[in-house]
Amino acid sequence: MKPHTYRRIVTGSVNGKSIVQSDEQLQAYQFQSVPNYEHTLVWVNPTIPDLREEQRFDRYPVSVVPGPGGTSLHFATFPPSSVFADPSFDGEAARSEALIRLKGLADHFEKEDTAMHKTNTVDYAVVYEGEIWLELDDAKTIHLKRGDVVVQNGTRHAWRNRGSTPMTMLFFLNGAKE
């Protein structure tokens, strides 16, 4: 699968006039250990932004999960769950790669079920392409299709692609207090 690309346009202000600060293509990161799994960190503000200063995102953050008052915007493409059931799947390699690429998030993945996790964020999750199942406690699942939106209020959950093709989500994470 060819990696997704997304166009990111960032505005700014010079002498009180709005300008285009940058206009660039972002190529999705393709996980080497998980076929058809992609992640694109579009933007991150680790804490409350100060608009008196130029807003920049010029290096990968210490954590993709923002602190209280911060935000981050992500595209994630999930492969079908069958990828994880394949005998050739190396769970340890996938975990190691996730700990590097998804800093601050992957360490919240549970050991018994690595899809289950919980962060101190309020997330707006939008099904961008395809369909997916949201799993909550007690195996409660909700089937979601393109255009569906979930407001995830810091609860334990997993995203499971029970379909046969990769699917893409857009996530806007809002850092919250616990």
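The values are calculated or read from the model by the stated rules, or taken from the named source; none is laboratory data. Predicted model only: the values in this text are computed from it and were never measured. As a convention, Cβ positions derive from the backbone with ideal geometry for all residues, glycine included, and neighbour counts pool all protein chains shown. Note: accessible area is taken over every heavy atom of the protein model, side chains too, but ligands, DNA and RNA are not part of it. Shrake-Rupley method; radii C 1.70, N 1.55, O 1.52, S 1.80 Å.
Values for this structure:
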{"read-out": "Out of A125, A106, sole residue that is touching a helix residue (DSSP H, G or I) at 6+ places or on another chain (Cβ under 6 Å) and open to solvent by less than 60 Å² (accessible area, probe 1.4 Å)", "value": "A106"}
{"read-out": "Inter-residue pairs, beta-carbon under 7 Å, first more than 24 Å from H74 (Cα to Cα) and in the range 1-23, second of a type in the set (A, V, I, L, M, F, W, C) and assigned to a strand (DSSP E or B), 6+ apart", "value": "S13/I19"}
{"read-out": "The listed residue being touching a residue at least 24 places away in the same chain (Cβ under 8 Å), closer than 19 Å to E110 by Cβ and among the small types (G, A, S), out of A158, A139, A176", "value": "A158"}
{"read-out": "Enumeration of residues in the range 105-132 that are assigned to a strand (DSSP E or B) and of a type in the set (D, E)", "value": "D123, E129, E131"}
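Residue-by-condition table, conditions (1) assigned to a loop (DSSP other than H, G, I, E, B); (2) in contact with a strand residue (DSSP E or B) (Cβ under 9 Å, 6 or more places away or on another chain); (3) without any contact (Cβ under 8 Å) to a residue 40 or more places away in the chain; (4) more than 30 Å from S164 (Cα to Cα):
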{"site": "Q25", "(1), (2), (3), (4)": "no, yes, yes, no"}
{"site": "Q32", "(1), (2), (3), (4)": "yes, no, no, no"}
{"site": "N36", "(1), (2), (3), (4)": "yes, yes, no, no"}
{"site": "V42", "(1), (2), (3), (4)": "no, yes, yes, no"}
{"site": "P49", "(1), (2), (3), (4)": "yes, yes, yes, yes"}
{"site": "R52", "(1), (2), (3), (4)": "yes, no, yes, yes"}
{"site": "Q55", "(1), (2), (3), (4)": "yes, yes, no, yes"}
{"site": "V62", "(1), (2), (3), (4)": "yes, no, no, yes"}
{"site": "V65", "(1), (2), (3), (4)": "yes, yes, no, no"}
